[in-house]
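Okay, here's the structure, questions in a sec.
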Amino acid sequence: MIGSLNPQQQAAVTLPTGHALVLAGAGSGKTRVLTTRMAWLIQTSQVSPFGLLAVTFTNKSAREMLTRLSALLPINTRGMWVGTFHGLCNRLLRAHHRDAGLPQTFQILDSADQLSAIKRLLKAAGVDDDKYPPRDVQRFINGSKEQGLRPDNVDAYDAHRRGMVDLYRQYQAQCEREGVVDFAELLLRAYELLLRNAPIREHYQRRFQHILVDEFQDTNDLQYRWLKLLAGGGASLFAVGDDDQSIYAFRGANVGNMAAFEREFAQGNVIRLEQNYRSFGHILDSANALIAHNSARLGKNLWTEQGEGEPVRICEQGTDLLEAQWVVDEMRALISSGHPRRDIAVLYRSNAQSRVIEHTLFSSGIPYKVYGGQRFFERQEVKHALAYLRLIANPNDDTSWLRVVNFPARGIGARTLEQLGDLARGAGTSLYQAVDALQGKSGAKLQAFVELLSGLAEQARELPLPELIEHVVHHSGLRTFYMGEKEGADRLENLQELVNAAAVFVGEEGLMGEPALSQAARAEDPLLSGQALLLAGQGNAPDPETVGGPTLSPLDAFLSHASLEAGDNQAQAGEDAVQLMTVHAAKGLEFDAVFITGLEEGLFPHENSLTEQGGLEEERRLMYVAMTRARKRLYLTLAQSRMLHGQTRYALRSRFLSEIPDVHLKWLTPREQQRVPVDTPPWAGAYRRGDAYGRPSTGTMAPRTPRSLTTGVTVGDQHFRIGQGVQHAKFGDGTIIGLSGSGTDAQAQIQFRDVGTKTLALGVAKLAIT
Ligand code: ATP
Ligand code: MG
């Protein structure tokens with residue numbers, strides 16, 4: 001089992017009981033060490049499979065870990081506690097929902113659901129959107145929860161903040177009423193449960209003797225506290241991570257946890273791995289050179305025995321369409337030379353970039369699979385169907401209620417819902433519970449909806465899950481509705497996929513999701529076995545249904561799965577398909593060939609990062625993550641102009657390209673254009689996009705001149721290009737430095753010699769080309 005590992009890896013795997021940190025760069029085998037250590041601990045009888053808890057970053061990696069584990073050992077991994085923080089907390093809360101103050105069938109709000117719940121709250125409370133924008137409220141609530149703060153503990157030092165805290169309090173009450181929890185709540189609730197309930201805490205502290213955490217650099221403060229609490233009974237904590245791959249600061253991740261962990265736990269037990277087994281030399285050295293531009297690193301040295309391999313190829317195209325076409329052509333060549341499609345990945349910084357690539361792949365007939373982005377479970381039609389299912393499980397879920405009470409339309413208008421909302425608020429109930437109080441015609445329509453739901457709930461007791469979903473799609477009217485819609489065929493197909501996803505889920509149940517625990521797991525777990533009675537005397541009787549029987553119905557389990565699933569597109573699961581994903585979603589994965597697209601200033605590094613403290617360094621870590629996914633071939637591509645959010649944007653090359661030494665690079669298109677002219681105009685800077693935004697470029701990069709672009713904008717009989725000289729009657733002579741839009745909407749950003757930069761509508765401004 002450990003024979004194939006190098007001495008440092010072996011040392012890490014076989015460390016004696018105690019805390020330890022493996023601090024090592026990309027592809028050095030951290031995840032492999034972690035998995036092998038689990039297997040080794042079990043094999044040497046130091047712990048049973050149920051005495052281990054392992055935290056991974058995505059559901060996909062949890063699945064992979066279990067698969068690898070069962071390849072190493074002849075054990076049944078069902079029921080093992082391996083999953084994401086959210087998944088594990090969900091499981092804990094389901095098993096102890098009563099102690100956690102939740103209904104057993106509590107529903108999970110994803111961030112879109114959470115946002116709409118907040119909007120609803122603001123509206124009902126008559127709060128001014130400008131003063132308290134829903135997204136800010138959401139950020140405030142989640143940020144507070146991630147620091148472990150309930151409304152009473154937040155420091156409300158001024159009036160505005162007091163308002164925020166008040167909204168947080170109301171939001172919380174609304175969630176309680178509806179029996180729903182958001183992502184941050186999963187963690188905080190589970191943390192509080194362990195903190196406050198000594199018998200439960202001590203039980204799990206005794207049970208989990210080894211706690212292992214992958215991607216430790218991306219834990220947030222609350223997650224770290226959760227781990228510390230759980231390990232408080234004497235468990236060994238084994239964390240692996242890479243500070244250079246910390247890419248979730250924007251979501252509260254605190255890379256400082258690594259140093260804290262070393263100080264508080266791992267003192268002296270820090271293992272470094274330096275040999276990279278993933279990438280060939282040119283790729284690895286490029287990534288090393290890039291990340292060396294960051295300061296404040298813990299510092300690592302990575303080398304490979306694999307030889308130089310191919311240089312990193314760079315290709316620049318005129319437009320995003322041409323870029324996508326080039327990527328697809330190259331991909332086709334790779335596939336025909338024998339690379340499996342699933343070993344080829346296209347990465348992008350921003351989800352909006354995927355559309356063009358998807359379109360091009362689709363037209364070429366190459367199967368592909370998109371991770372992240374508009375996740376399957378987030379598509380409108382899927383969410384509608386899920387809302388019906390959620391109402392079957394818990395009719396008090398107001399978010400789901402409002403989503404489908406009048407979808408498809410059944411004559412229930414906004415006024416009726418407003419009345420219903422008032423009644424519910426008055427009585428402190430959910431909308432569902434308030435229906436009886438509403439009289440008249442609108443009352444009758446709502447009653448009919450309630451009857452529809454109870455009819456569906458009855459079916460839920462009879463039908464297996466996939467059939468239930470089919471039944472719901474049909475009887476809710478969704479099928480008929482989408483059949484009559486223009487783009488309905490796709491949507492119906494997705495609904496069919498939901499049925500398939502449920503079938504796959506039911507088949508795999510126990511591997512992930514919320515499994516009915518195996519007999520063995522139950523025997524191991526006193527709370528779930530007869531020994532529970534021992535605890536019952538202490539006032540913490542477990543729910544009778546968790547004793548000896550499955551914890552959740554397949555429907556409830558599937559609904560949690562749908563909320564927690566990290567975006568695997570079930571539609572093409574198993575098919576040999578090219579992989580598309582954001583750089584964030586690619587963390588921990590590896591592919592033979594990787595295309596990193598959109599290497600343009602403002603896109604990667606992202607323009608938002610340029611004004612934030614530490615933003616550029618985080619972008620560079622992202623780029624480091626992206627590059628180190630590649631085993632054999634790495635391509636960096638860019639476009640001189642692209643359509644984003646309905647605008648044509650012209651961009652300069654990403655600074656990251658110039659941070660990689662030439663010896664590792666091969667330019668497939670001319671690179672000369674990049675030369676910085678001596679006489680650089682003052683406006684040359686970061687990403688220019690037109691600019692409907694009316695602000696001069698504030699980028700901090702070395703100024704460069706725009707390349708001559710073949711693309712431009714034609715208005716009337718005049719054709720405008722970037723770099724062109726123009727004359728305006730009032731402003732005088734100038735140069736076009738940015739173009740956006742087309743036809744009558746076309747705008748130009750012009751640097752005038754005397755009056756500075758102005759943005760002018762080309763259809764209106766009278767310009768002469770000089
Ligand atoms: P990341 O930082 O990207 O998460 P990692 O440090 O977790 O990377 P792994 O994914 O565990 O690295 O390993 C990278 C690749 O190297 C995997 O394909 C793994 O199987 C392989 N590998 C690791 N150690 C060895 C070894 N000793 N011999 C051969 N291959 C190895
Ligand atoms: Mg890893």
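Within the set of pairs 6+ apart or on separate chains, which have a first residue in segment 23-43 that is assigned by the TED database to the domain that holds GLN209, a second that is near ligand 1 (Cβ under 6 Å from one of its atoms) and of a type in the set (Phe, Trp, Tyr), and C-beta atoms under 8 Å apart?
Matching pairs, first to second residue: GLY27/TYR277; SER28/TYR277; GLY29/TYR277.
I would also like to ask the following. Which condition number does GLU264 fail, the rest of (1) away from ligand 1 (no atom under 16 Å from the Cβ); (2) farther than 26 Å from LYS145 by Cα; (3) of a type in the set (Asp, Glu) being met?
Of everything listed in (1) away from ligand 1 (no atom under 16 Å from the Cβ); (2) farther than 26 Å from LYS145 by Cα; (3) of a type in the set (Asp, Glu), GLU264 misses just condition (2).
Could you list all residues from segment 67-103 that are farther than 24 Å from ASP182 by Cβ, in a helix (DSSP H, G or I) and away from ligand 1 (no atom under 15 Å from the Cβ)? Steps first, answer last, please.
Taking segment 67-103 as the starting set, the residues that turn out to be farther than 24 Å from ASP182 by Cβ are 67-80.
Still in the list and also in a helix (DSSP H, G or I): 67-72.
Residue satisfying the conditions is SER70 alone.
Being under 19 Å from PRO408 (Cβ atoms) and either aromatic (Phe, Trp, Tyr) or surrounded by fewer than 19 Cβ atoms within 10 Å (Cβ to Cβ) (or both) is true for just one of ALA503, ALA489. Which residue is that?
On the way: ALA503 fails: under 19 Å from PRO408 (Cβ atoms).
None of the other options fit; the residue is ALA489.
Related question: Being within 16 Å of ligand 2 (Cβ to nearest atom) and either in the same structural domain as LEU121 (by the TED database) or among the aliphatic types (A, V, I, L, M) (or both) is the filter here; which residues of segment 178-217 pass it? Break it down into steps so the answer makes sense when it comes.
Let us first name the residues in segment 178-217 that are within 16 Å of ligand 2 (Cβ to nearest atom), namely 212-217.
Matches in segment 178-217: LEU212, VAL213.
Name the pairs whose Cβ atoms lie under 6 Å apart, with the first residue in segment 150-168 and of a type in the set (A, V, I, L, M), the second assigned to a loop (DSSP other than H, G, I, E, B), and 6 or more positions between them or separate chains?
Going by the 6 Å Cβ cut-off, the qualifying pairs are VAL165/VAL154; VAL165/ALA156.
Spot the failing condition for SER295; the list is (1) surrounded by fewer than 17 Cβ atoms within 10 Å (Cβ to Cβ); (2) closer than 17 Å to ILE366 by Cβ, and only one is missed.
Unmet for SER295, out of (1) surrounded by fewer than 17 Cβ atoms within 10 Å (Cβ to Cβ); (2) closer than 17 Å to ILE366 by Cβ: (2).
Is it fair to say LEU41 is closer than 25 Å to LEU431 by Cβ and either under 24 Å from the mean Cα position of the chain (by Cα) or at pLDDT 95 or above (or both)? I'd like the intermediate steps shown before the answer.
Details: closer than 25 Å to LEU431 by Cβ: no; either under 24 Å from the mean Cα position of the chain (by Cα) or at pLDDT 95 or above (or both): yes.
In short, no.
Follow-up. Which condition does SER286 not pass, out of (1) among the small types (Gly, Ala, Ser); (2) in the same structural domain as LEU23 (by the TED database); (3) within 16 Å of ligand 1 (Cβ to nearest atom); (4) farther than 22 Å from LEU21 by Cα, if it passes all the others?
(2)
Go through (1) surrounded by fewer than 17 Cβ atoms within 10 Å (Cβ to Cβ); (2) within 15 Å of ligand 2 (Cβ to nearest atom) and name the single condition LYS60 misses.
(1)
What about VAL22, is it within 14 Å of ligand 1 (Cβ to nearest atom), outside any helix (DSSP H, G or I) and touching a strand residue (DSSP E or B) at 6+ places or on another chain (Cβ under 6 Å)?
On the way: within 14 Å of ligand 1 (Cβ to nearest atom): yes; outside any helix (DSSP H, G or I): yes; touching a strand residue (DSSP E or B) at 6+ places or on another chain (Cβ under 6 Å): yes.
Taking the combined requirement at face value, the residue satisfies it.
In addition: Within segment 9-31, how many residues are more than 14 Å from ligand 2 (Cβ to nearest atom) and touching a helix residue (DSSP H, G or I) at 6+ places or on another chain (Cβ under 6 Å)? Give the derivation first.
Here is the first cut: in segment 9-31, the ones more than 14 Å from ligand 2 (Cβ to nearest atom) are 10-11, 13-21.
Restricting the remaining residues to those that are touching a helix residue (DSSP H, G or I) at 6+ places or on another chain (Cβ under 6 Å) gives 13, 19-21.
Result for segment 9-31: 4.
Separate question: Give just the number: which of (1) in contact with a His (Cβ under 9 Å, 6 or more places away or on another chain); (2) not in a loop (DSSP other than H, G, I, E, B) does TYR132 not satisfy?
Condition (2) is where TYR132 drops out.
Residues checked against (1) over 30 Å from PHE377 (Cα atoms); (2) surrounded by 15 or more Cβ atoms within 10 Å (Cβ to Cβ); (3) under 27 Å from the mean Cα position of the chain (by Cα):
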| position | (1), (2), (3) |
| --- | --- |
| ALA117 | no, yes, yes |
| LEU121 | no, yes, yes |
| ASP152 | yes, no, no |
| ASP158 | yes, no, no |
| TYR168 | no, yes, yes |
| GLY179 | no, yes, yes |
| PRO199 | yes, yes, no |
| ASP214 | no, yes, yes |
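Results for (1) of a type in the set (A, V, I, L, M, F, W, C); (2) within 16 Å of ligand 1 (Cβ to nearest atom); (3) more than 25 Å from LEU273 (Cα to Cα), shown as yes or no for each residue.
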| residue | (1), (2), (3) |
| --- | --- |
| ASP214 | no, yes, no |
| ASP221 | no, no, yes |
| LEU229 | yes, no, yes |
| PHE238 | yes, yes, no |
| ASP243 | no, yes, no |
| SER246 | no, yes, no |
| ALA253 | yes, yes, no |
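Does ALA324 fit the bill of being in contact with a helix residue (DSSP H, G or I) (Cβ under 6 Å, 6 or more places away or on another chain) and assigned by the TED database to the domain that holds GLY598? Don't jump to the end; show me each part of the working.
Working: in contact with a helix residue (DSSP H, G or I) (Cβ under 6 Å, 6 or more places away or on another chain): yes; assigned by the TED database to the domain that holds GLY598: yes.
Yes: the conditions hold for ALA324.
Please count how many residues of segment 25-38 are over 25 Å from ASN76 (Cα atoms) and modelled with pLDDT of 95 or more. Step through it out loud before you land on a result.
First pass over segment 25-38, keeping only residues over 25 Å from ASN76 (Cα atoms): 25-28.
Retained after the next criterion (residues that are modelled with pLDDT of 95 or more): 26-28.
Residues flagged as over 25 Å from ASN76 (Cα atoms) and modelled with pLDDT of 95 or more within segment 25-38 amount to 3.
Right, another one. Cβ-Cβ below 9 Å, separation at least six or inter-chain, first residue in segment 218-230 and farther than 10 Å from GLY148 by Cα, second surrounded by fewer than 18 Cβ atoms within 10 Å (Cβ to Cβ) and among the acidic types (Asp, Glu): which pairs?
Once the first residue is farther than 10 Å from GLY148 by Cα and sits in segment 218-230, its partners that are surrounded by fewer than 18 Cβ atoms within 10 Å (Cβ to Cβ) and among the acidic types (Asp, Glu) give LYS228/GLU264.
Mind checking which strands (runs of 3 or more DSSP E) fall wholly inside segment 265-368 and carry at least 1 residues that are in contact (Cβ under 8 Å) with a residue 12 or more places away in the chain, within 16 Å of ligand 2 (Cβ to nearest atom) and at negative phi? I'd like the intermediate steps shown before the answer.
Values: elements: 270-273, 312-319, 344-348.
Those strands (runs of 3 or more DSSP E) span 270-273, 344-348.
The values are calculated or read from the model by the stated rules, or taken from the named source; none is laboratory data. Every value quoted in this text rests on a predicted model; they were computed, and no experiment measured them. With ideal geometry, Cβ positions are generated from the backbone for all residues, glycine too; neighbour counts draw on all protein chains shown.
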